[in-house]
Amino acid sequence: MRKKLIREVEFGRAVAKIKVIGYIKENTLDGWIKTGEELIIYEKIEIVADGKAVESSSYASVVEKNVIYDDNWFEKKGLDKSKKYSKVGEAITEGEQAALEIKKAVKEMKEQIAEEFEMKTREQIEEEIEKEEEIAEAKEIVRKAEKNGIENLMTEEECKEWAKNYNNIMNEGGEGYIPKIITKEDFEWALNKLKN
């Protein structure tokens, strides 16, 4: 079974037609031992002008002056390097709003398909794993801070000074190992993470 969703978003004087398609793929081992199912979702974004698709891609991005999009790139395209642009394939329109709306629509459509198939998207699984890792890291920070004494924690500024002195003594000012010290800011981050 396949599920296809279509949505349109304004893209300057054109329209971005977003198609998100999802289906269940049966995974097998050696072609005959069923090992489970996987939700496959892919998207296609077409820029439609005057009723014709003029450009297509699988993602939209916000373009601004940086290492990848330097002065030279902006000059070649005849664009103002002080502004942000939305880009799909080679199609570009002024402002970041179109790209942000496209990304939001794609995310919502993927989640809708996943809900209908009663499965999770790859992004949802990755978010859950990331949250679990952050919680484990926060617990470890709290454990170490309590073991060493919360009242003995340094601020980040104090820790930088300590690390500089440690390096000068233990590594003779060169490169070498410097132990990771838990700071007051690390401890506060961990407590906030565990509250949420």
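Here are some notes:
- Between the stretch 81-116 and the stretch 11-58, the alpha-carbon center distance in angstrom: 15
- Exposed loop sites, defined as chymotrypsin sites (Phe, Trp or Tyr not before Pro) outside DSSP H, G, I, E and B with at most 15 other Cβ atoms within 10 Å, are absent from the longest region of the chain, namely 60-176.
- Cross-link pairs beyond the 27 Å C-alpha cut-off, checked among Lys3/Lys193; Lys25/Lys84; Lys34/Lys110; Lys139/Lys180; Lys17/Lys77: Lys3/Lys193; Lys25/Lys84
- For Rg and Dmax of the Cα atoms in Å, the value computed from the atomic coordinates appears in the list (1) 22.3, 60; (2) 19.8, 66; (3) 24.7, 71 under label (3).
- Estimated FRET transfer efficiency (Val62, Lys131; beta-carbon r; R0 22 Å; 0.05): 0.30
- Förster radius 45 Å - calculated FRET efficiency between Ile150 and Ile24 (Cβ-Cβ, nearest 0.05): 0.35
- Between the helical axis of 156-170 and the longest alpha-carbon principal axis of the chain there is an angle of about 60 degrees.
- A Förster distance of 35 Å, applied to the separation of the beta-carbon atoms of Lys180 and Gln124, puts the FRET efficiency at 0.65.
- Degrees separating the helix 97-116 axis from the principal Cα axis of the chain, which is the longest one: 90
- Anisotropy class of the stretch 127-195 from Cα gyration tensor, a/c 1.5 cut: prolate
- Across all directions, the shadow cast by the convex hull of the stretch 69-170 built on its C-alpha atoms averages 13.1 square nanometres.
- The gain in end-to-end length when the Val15 to Lys77 segment is fully stretched comes to 20.3 nm, 0.36 nm per residue minus the alpha carbon separation.
- Taken one residue at a time, the phi angles of the stretch 143-150 give Karplus couplings (6.51, -1.76, 1.60, θ = phi - 60°) of 4, 5, 5, 5, 5, 7, x, 4 Hz. Gly and Pro are set to x.
- Relative to the current alpha-carbon distance between Glu37 and Ile169, full extension at 0.36 nm per residue lengthens the span by 41.8 nm.
- Its DSSP H runs of at least 4 residues, each contributing -39,500 (n - 2.57), put the calculated 222 nm mean residue ellipticity of the chain at -13500 deg cm²/dmol, to the nearest 500.
- For the chain, leaving out every one of the trypsin sites (Lys or Arg not before Pro) that falls in a DSSP loop and has at most 12 other Cβ atoms within 10 Å, the longest unbroken run is 14-179.
Here, each number is a calculation from the coordinates, and none is a lab measurement. Because the structure is a prediction, the values reported are computed rather than measured. Reconstructed Cβ throughout: ideal geometry from the backbone, glycine too, with neighbour counts over all protein chains shown.
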